[in-house]
2 protein chains.
Amino acid sequence: MSERRSGEGQPDKTLALLWRNHRHPMADESVDRKRGAGRRPSLNVDEVVQAGIQLADDQGLAAASMGGLAKELGVGTMTLYTYVPSKDELLDLMVDQVLGERELPGPGEPRPEDWREQVELYSRQTRAMFQRHLWLSQVSTIRPPVGPGMLAGREYLLSALLGLGLGALETNTAALAITTYVDSAASLEAESQLVERATGQSNDAWWYERNDLWETYFDVDRHPAMTTIWHADGYQSSTREAAADSYRYGLDRLLDGIENTAL
Amino acid sequence: MSERRSGEGQPDKTLALLWRNHRHPMADESVDRKRGAGRRPSLNVDEVVQAGIQLADDQGLAAASMGGLAKELGVGTMTLYTYVPSKDELLDLMVDQVLGERELPGPGEPRPEDWREQVELYSRQTRAMFQRHLWLSQVSTIRPPVGPGMLAGREYLLSALLGLGLGALETNTAALAITTYVDSAASLEAESQLVERATGQSNDAWWYERNDLWETYFDVDRHPAMTTIWHADGYQSSTREAAADSYRYGLDRLLDGIENTAL
DNA sequence: CAGAATTCTCGTAGGGTATACGAGAATTCG
DNA sequence: CGAATTCTCGTATACCCTACGAGAATTCTG
């Protein structure tokens with residue numbers, strides 16, 4: 001993973017960058033430089049962010065280093081620091097950008113009627129996002145970029161749950177529980193593919209390589225439950241399918257539980 | 001996050017290291033060198049692993065580099081490679097060690113009667129493990145060390161669910177869903193504290209620093225649900241408490257859902 | 001008891017990372 | 001045409017992992 005994240009420097013500057021393409025009440029020239037004297041920039045923030053995403057998609061997050069990205073853009077490494085204060089900030093911008101790519105209906109836009117269908121949509125879009133951008137799984141979400149993309153996602157999920165009549169605090173709590181589950185599972189799924197790509201070995205092949213375990217080290221007496229499941233064909237052959245099934249199952253059960261408390 | 005993990009080299013050698021302290025049917029001297037000619041080792045694997053855990057606990061995973069660990073042990077960096085084939089293998093050993101520290105009753109040992117209480121115990125022990133070893137949150141779990149510690153955890157959880165009479169495949173699926181939820185949440189909790197430690201700033205302070213967001217950029221029309229929750233006091237002041245509540249809530253709902261399908 | 005065999009020890013070297021600093025180049029304003 | 005402004009980017013630093021191979025320590029063999 002990544003080590004430390006997110007600008008400790010000036011939150012104002014960070015927020016201004018995140019919201020750079022949104023008009024807001026106090027719209028001053030905090031980001032848009034008034035074009036006057038001075039050398040003309042050869043790039044702009046959006047180009048840098050987009051190129052960063054592209055590079056991370058194609059070659060992995062590690063390849064999207066400041067040096068690598070600069071080479072891709074045909075400029076010197078330090079030139080990037082004209083557009084972005086640090087690598088961490090750049091990552092924030094990349095993340096909020098792709099968070100905003102999810103196609104989630106905003107307020108007033110048409111959406112599924114059933115609340116579960118609405119949550120389902122959030123789940124699908126989020127998983128698809130992780131699939132498009134596997135590197136997301138390597139980025140910490142503890143202090144997320146507080147930009148338009150992230151807020152749109154939270155807004156959508158909360159609006160889906162509001163209809164349940166759960167009370168403000170419980171609604172928020174439920175939304176958090178759902179995002180924890182969905183985002184974590186989607187992240188694990190993406191990470192799994194990343195590992196397959198990086199090692200050139202499927203996860204199934206990896207497990208198979210460890211067959212020795214069962215023959216040599218596995219002690220049936222110490223593991224009766226696993227043995228029982230095994231003999232009852234409780235293990236799926238495909239790691240991937242097992243993960244997908246367990247995701248489906250867990251989300252359905254979680255929503256069942258939430259629905260029940262709402263009655 | 002960490003980049004790539006887990007020995008692609010020889011699974012046999014890896015397994016032998018992981019199970020080094022367990023007697024097994026085919027017990028040969030694959031690990032224990034027959035003590036004969038040759039210089040005496042100044043360390044052993046367990047010491048290296050233990051020192052690695054200690055160092056990662058105290059100074060963070062980054063500080064537990066091969067160089068740093070060697071300095072701590074008073075040997076040259078390359079000396080460590082006598083005991084452990086690579087840094088990734090060492091990490092596997094550290095992880096399985098702490099997985100095994102969880103106090104989960106084995107087969108035949110006394111345990112809570114209620115299955116939910118048993119799952120609860122798994123949850124408590126796992127969260128406590130992450131709290132003792134915050135660096136676990138930075139380690140990928142996609143290809144876990146297939147050692148005694150990991151197997152004991154899976155065995156316990158499966159045994160807790162077997163009593164529900166769910167059928168082998170569904171039991172396994174449910175167990176996977178539970179570990180995904182519990183492990184992910186515990187990992188996020190630990191990561192959160194790690195970030196606080198690394199930045200010297202509490203997460204609450206971090207959010208507070210972004211108060212500008214609400215005044216300057218937040219658009220009420222685009223975020224009616226968030227606004228509603230806000231006005232109904234649906235947001236908790238403490239990030240940490242909010243996370244804990246949502247964890248509790250989500251786990252309870254998940255177990256509710258599982259219980260219902262079992263009827 | 002000497003040399004051979006074996007095993008552990010560890011310095012060096014190489015290719016990777018983010019970014020502080022400051023000099024130089026390009027552009028426009030007065 | 002200078003001065004002011006802004007963008008460009010080479011250099012230098014301090015880390016990371018580990019392949020390689022020479023040297024040190026110990027015991028076995030005769």
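The values are calculated or read from the model by the stated rules, or taken from the named source; none is laboratory data. Bear in mind that the values here come from a model prediction, so they are computed numbers and not experimental data. With ideal geometry, Cβ positions are generated from the backbone for all residues, glycine too; neighbour counts draw on all protein chains shown. Ligands, DNA and RNA are stripped out before the accessible areas are found, and what is left, the full protein with its side chains, is counted by its heavy atoms. Shrake-Rupley method; radii C 1.70, N 1.55, O 1.52, S 1.80 Å.
Structural remarks
- A Förster distance of 35 Å, applied to the separation of the beta-carbon atoms of A:Ala262 and B:Thr199, puts the FRET efficiency at 0.35.
- Average accessible surface area per residue within segment B:84-123, 1.4 Å rolling probe, Å²: 43
- Exam field: A:Arg35 pseudo-label spacings to other copies (7 Å along Cα-Cβ), nanometres: 8.1
- Convex hull (Cα only) mean projected area of segment B:154-201, reported in nm² to one decimal: 3.7
- Fraction of accessible area attributable to carbon and sulfur, the protein assembly as shown (%, probe 1.4 Å): 49
- Directionally averaged projected area (convex hull, Cα atoms, segment A:135-178), nm²: 3.6
- Averaged per residue, segment A:141-184 has 26 square angstrom of accessible surface, using a 1.4 angstrom probe with ligands and nucleic acids left out.
- Just so you know, the Cα atoms of segment B:82-207 work out to an Rg and Dmax of 16.3, 49 Å.
- Proportion of all alpha-carbon pairs of chain A beyond 33 Å (%): 36
- Where N is the number of residues in the protein assembly as shown, Cα Rg divided by 2.2 N^0.38 Å: 1.04
- Under the Debye formula (equal points on every Cα, no solvent term), log10 I(q)/I(0) of segment A:35-142 at q = 0.12, 0.18, 0.20, 0.22 Å⁻¹: -0.52, -0.89, -1.01, -1.14
- Taking the label point 7 Å along Cα→Cβ, B:Leu164 and its counterparts in the other copies are spaced 1.8 nm apart, in ascending order.
- Residues of segment A:56-70 whose accessible area (probe 1.4 Å, heavy atoms of protein chains only) drops by at least 10 Å² once all protein chains are present, relative to their chain alone: A:Ala62.
- Pairwise burial B:A, computed as accessible area of each alone minus the pair, summed, 1.4 Å, Å²: 7900
- At 7 Å out from Cα toward Cβ: B:Glu101 inter-copy label distances (nm, ascending): 4.0
- Helix-only CD estimate at 222 nm, as mean residue ellipticity for chain B, using -39500 (n - 2.57) per DSSP H run (n ≥ 4): -18500 deg cm²/dmol
- Along its first, second and third principal axes, ordered by size, segment A:88-151 spans 39, 22, 18 Å in Cα coordinates.
- Dimensions of segment A:130-263 from C-alpha coordinates, computed as largest minus smallest value along each principal axis and given longest first, are 54, 38, 21 Å.
- Estimated distance in nm for a label pair at B:Asn44 and B:Tyr208, the labels positioned 7 Å out from Cα along Cα-to-Cβ: 5.1
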